[in-house]
Each structure stands twice: as C-alpha cells, then as structure tokens.
Amino acid sequence: MRQLEHFPNLVTMFFTRAAERGDAPFLWVKHDGVWTATSWRAAAEQVAVLAAALRDMGLERGDRVMLVSENRPEWCVADLAIMAAGCVTVPTYITNTERDHAHILSDSGARAVIVSTAKLARALLPAVLRSTHCDLIVGIEAMGVGQQAGNVRFADWQAMMIAGTPDLKACAAGADFERGDLACVIYTSGTGGAPRGVQQHHGAILQNVAGCVDVISTDFGWGDEVFLSFLPASHAYEHSGGQYFPIGLGGQIYYSEGLEKLASNIEEVRPTIMVVVPRLFEVLRTRILKQVGKQGRVPNYLMSRALAIGAGRMAGRPRWRDKPMELILSRTLRPKISAKFGGRLKAMVSGGAPLNPEVGVFFDALGVTLLQGYGQTEAAPIISCNRPSAGIKMDTVGPPLKGTEVRIGEDGEILVRGECVMHGYWRNPAETARVLVDGWLHTGDIGHIDDAGRVVITDRKKDLLINDKGDNVAPQRVEGMLTLEPEILQAMVYGDRRPHLVGLIVPDPEWAREWAAAQGVDPAKVAEDPGFARALSAAVDRVNAGLSVTEKVRRIVVADEPFAIENEELTPSMKIRRHVIRARYGARLDALYRK
C-alpha cells in the first residue's frame, strides 16, 4: 500500500508532485469543444511567475488575497501562487453579491483580489473601491478598465505571465512554511446567518489529504487518478477533496462545463473519482428511473430485482438464491449504468449535506460505489468517510479519517479532535471559544458511533425541531424522504414549538408540466389549481405512511419558486438556508395552523 509523504506545507506537496510528473497532463479545460491540458511543469512555472509578481507588487507574508473565479486551471494556479508568495488565500463564491464581497473584504482585511472575468468584477469592484485596505485587482481575463481607479491598481494576468521568468527552484525553496501556518481563510456558506472565516492551516488540509489517500490506497488502489471538478472550488469540500487530494495523488483534474453538461462530461472524461453533493445523486436517480421506465418490461424487471437485492445486501441479508440474478445484472443492467459514469469509476464521494440512505442503496445496487462522507469547514473539512474495508452502511458516514478522533458529548453532540481542526474563526474569538473547547471541535451535529466504529448523523443540533410536547424531530430526515417522491423537487418542514409539522413544497417542474398537460390546465396557473395541491398532498401522504406521528407533515404550502443560490435560499453547496426561507414564507406557514 502506497503512503502519502509527510509534507511541511501544501506548496511543497505541489512542487514535489510537479517535479515527479513533469510534462504529464495536470489541469484540463474545454475550449471550443476540445479538452486541452496544462502540464504539471507548466502549472508550476505559472505558480512561480505569479508568486514572484505578487511579491513585486508589494504583498507581504500573511497578507490575505481574495480569489473570485469559477472553476478553471487558473483557480488552482492562483491559489497555489498566493500561498507560495507567503500570503493567505480567501476564496469566495462567484454567486456573491456586492454586499457579500464587502463583508468578506472588510472581515478578512484582504489587500488584493484575483478575479477571473469582467462579469464577476461588476459585483466586486464597488466593494473594493469602498475598501480601506484592498488596493490591487488582478484580472485573469481583460477587465475592460484602465490601470487604476481611485487607489486601486489593476494588473493583467496574461501580461504578468508573459513578462515573468519562472524560477521553480527559488519558488519551491521559498515555501518554508510549517504545517501550523495559516494557508487560507474559507468563509462558511451562511446557512444560519453571516458567514464566518474559518482559519485552515496547511497541516489541516494535508491531514485531510493523507486520510483520503489512505482510503483510496487501501480500498481501491492508488493509480493514475482522474477527477472531474464540479463543485465550487471556493467551497472547503472541493478545495480539499477536489484540488489538494488530486495533487497529493499526482492525479489529473478536469473542470466540468457546468450542471447542464455534467452527464456528457462524465462520459467524455471517464473519471476514476468524483467529489459531489447528494442533490446530484437525487437528480441522477430520478433520470435513471425515468429512462428505464420507458424501456419496457424486461429492463424494469431487472431494475426492480437489482434494487431488491441491493436493499437486502445493505441490510445484511444477502441470499444465495440471488446469485444467478446477480450474474445476469452484472452482464446486462449494471454495465449500461457504469458506461454512463465513464466505465472506470472507482468511487463517487458524497458530502456537503446528508445523503438519503435510499439514494445510496439505489446506486450501490446498480454497481456504482458511493461513499458518503461527513465534515465541516472547521475540520478542513473531511471528518469521516465510508469505505468498503469498514463495511459500507448507507445510514452512516463511515469511520473517522486516519488521524482524526471523534467522540460523542453528553448531549449527543459530535466532537472532533485532530490536526484537521481549525485554529479558530478569523477575528472572532467569541465564536472560536464557543466551538473549540479543550481542543475538541463542537460540530453542532447530533449522532452516535455504531458497533463498527462508523459515525451516524441524526441531525443538526440547531436545526432540531421541538414540538409543543417536547418531542425532537430531525427535519432533514423528513425532507430527504419527501424529495424522493417524483412530484417533489425540494422541501422544508416547519413546526418548532408547534403541535405538528407543516411543509413548504417545491413541485418537480417536469412532473408539474406533465400533470398540467394531462389535466388540461394552463401550466402558468397550475399552482392555483386545487387538483394540483391534492396531487402534491397525496405524495406527502405516501411519505407520511412511513413516518412516526411526530414526523408526519399535516399540511403544505407550495413555494413560489425553487430554492436557489440566486434567491439566497440555497448555499453554493446546495444546502437550504432555513432562516432565509422562514423569513419569506413564515407567515404562510404559520397560517396553516389556523386552518
């Protein structure tokens, strides 16, 4: 089994791999319909040039540099160059508003910003001009502005690359940082309010990478790994799992063209590992079921048998009499599903939000290895992950990564200790003291550890609903079951200090169109139709049949539009912002209790 070396910092790990890999492809992006690669050597030269240029422009060790860009090769180069210059990366989401940028600029005290496009600069520039400390913007693409605006200087990425002379040896030698030194400040996605800056040190991310390498090396074998980057690189999950994990493995990173082209990108790239969020699996499950549903009796029979066998196996009830059917499935249905994922996928790792166990069982039954992980930005971010050698159980998030300790507090809260744990929130000692106690990170999640040492999450401590009788209800479990129904795209349940739960439902748009056509209803007015509401209520009732009395959703209201990043009702990692949704729909949800 191959082990990851003990590196002093992330920059040294990168330059070590670049020296080993040389002209082998590293970062891939699609231009004019053709995938083109940046080699390890070329990426290292770009990092060295940019790092030197940042220092020449007056940035000093410890200065924060904001990075605003979609996923692309330059994102990775910029992140490494900022660190190589001795500075601290502050990644931000491309969906951030001017107000969001202003908050992060002010809170982080960033002295410079690297931004990819003029479009993204439009929301950023006003915040920079109002800043008292940020005086430099580096544009990866042309910004369409002069060399200076007010006190802010503008620098052109391409001009810097042409003018610079890469000194790889000097850049690598200058990376004398230690594992405890600050690498980046990553802001939480704000599910409960204003984002907080998490201080991730080099060792925190390196410990995450080593733990992930241990899983792959032990359970699947460490080879020439290919990753397809899809989640925002500014999110801690993708930053560690989709960028530094591949770097540690010496792998290749392909940058997806976006959600609408993700399925075709998977077939083209043929990744060996993918880091994704549960919502993607839910979408893929729905699509696969619809496709198979249209293919006639035999494919539908094979699907039903695969799911039944998979559920029995996952529940620890494998049957010898299923062996012949397993052989048939391995030669008929499963190869077709495997081809949809490129044909060489070792594992898809799900994180960022809870995965409904039924979705996990579905993909396992079809031969797709799905590993559910668990983590928080405050833990760099991966805490645990399912792995075959520990026995994959879909209602768990697996054992802790190597080097990470997990224990359960007296109130059921999950506590974490290890090098992966942050050194604190940026300029927020009060919050730091609240969540870091005696070296243990208080995650705010409720759960337990099963007999096999796997972590089981039941819910967010702060998201638990307590009804008027004092019973606790985990909303994410109920919401996860609701969204498995074909009629329901998204859901949020509501009912803290109330006698029962009610729900906010986002109908599945494709189902809504089909229902409207079948009923002869104007699609634009379908939400007003009483029959439409009854059809949604019937879907909720199907779910209620499998829920306890305290979990049942008694009444519903239909949302005006889907929860989305654009309306601030979803975080960039696709988690619902309950406080935002409650502010918008609270009055209508409260009214359900008066009917």
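Each reported figure results from applying straightforward, stated rules to the coordinates on display, with no laboratory input. Keep in mind that what you see is a predicted model, and the values were worked out from it rather than measured. Counting neighbours? That spans all protein chains shown, and the Cβs are built from the backbone with ideal geometry, glycine included.
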Q: Enter the Cα centre distance for the pair segment 561-582 and segment 475-529, rounded to the nearest angstrom.
A: 16
(Q) P(r) for segment 465-594, please, calculated from all Cα pair distances in 10 Å bins and given in %. (A) 12, 44, 35, 8, 1
Q. Taking the Cβ-Cβ separation of residue 168 and residue 132 as r and a Förster radius of 35 Å, what is the calculated FRET efficiency to the nearest 0.05?
A. 0.45
Q: Quick one: work out Rg over Rh on the C-alpha atoms of segment 21-137, Rh as Kirkwood radius.
A: 1.00
Q | Magnitude of the charge dipole, the chain, Cβ model with Lys/Arg +1 and Asp/Glu -1, debye to 20 | A | 1680
Q: Using only Cα atoms, tell me the angle between helix 202-219 and the longest principal axis of the chain; keep it within 0 to 90° and round to the nearest 10.
A: 50
(Q) Need one word for segment 530-574: rounded, prolate or oblate. Basis is the Cα gyration tensor (sqrt eigenvalues a ≥ b ≥ c); a/c below 1.5 gives rounded, then a/b vs b/c decides. (A) oblate
Q. By how many nm would the segment from residue 452 to residue 423 lengthen if fully extended, with 0.36 nm per residue of separation less the alpha-carbon distance?
A. 7.4 nm
Q: May I ask you to compute the full-extension gain from residue 319 to residue 542, defined as 0.36 nm times their residue separation minus their alpha-carbon distance, rounded to one decimal in nm?
A: 77.4 nm
Q) Given R₀ = 41 Å, FRET efficiency for residue 291-residue 106 by Cβ-Cβ distance, to 0.05? A) 0.25
Q: Could you point to the residue in 547, 40, 585 farthest towards the positive end of the chain's charge dipole, with +1 and -1 charges on the Cβ of Lys/Arg and Asp/Glu respectively?
A: 547
Q) Quick one: Cα centre-to-centre distance for segment 80-158 and segment 211-245, in angstrom? A) 28
Q) Using the C-alpha atoms of segment 250-333, what convex hull volume per residue, in cubic angstrom, is computed? A) 153
Q. Between residue 583 and residue 561, what length in nm is gained on full extension when 0.36 nm per residue of separation is reduced by their alpha carbon distance?
A. 6.4 nm
Q | For the chain, alpha-carbon Rg relative to the globular expectation (2.2 N^0.38 Å, N residues) | A | 0.99
Q) Once both labels are modelled 7 Å past Cα along the beta-carbon direction, what's the residue 158-residue 61 spacing in nm? A) 3.6
Q: At 7 Å along the Cα-to-beta-carbon direction for both residue 151 and residue 326, put a label point, then send me their distance in nm to one decimal.
A: 6.9
Q. Considering only DSSP beta bridges whose two residues both sit in the chain, what percent are antiparallel, to the nearest 5?
A. 55
Q. Between residue 298 and residue 30, what is the spin-label point distance in nm, taking each point 7 Å from the Cα along the Cα→C-beta axis?
A. 3.3
Q) Roughly how many whole Å is it from the C-alpha centroid of segment 371-444 to that of segment 5-79? A) 29
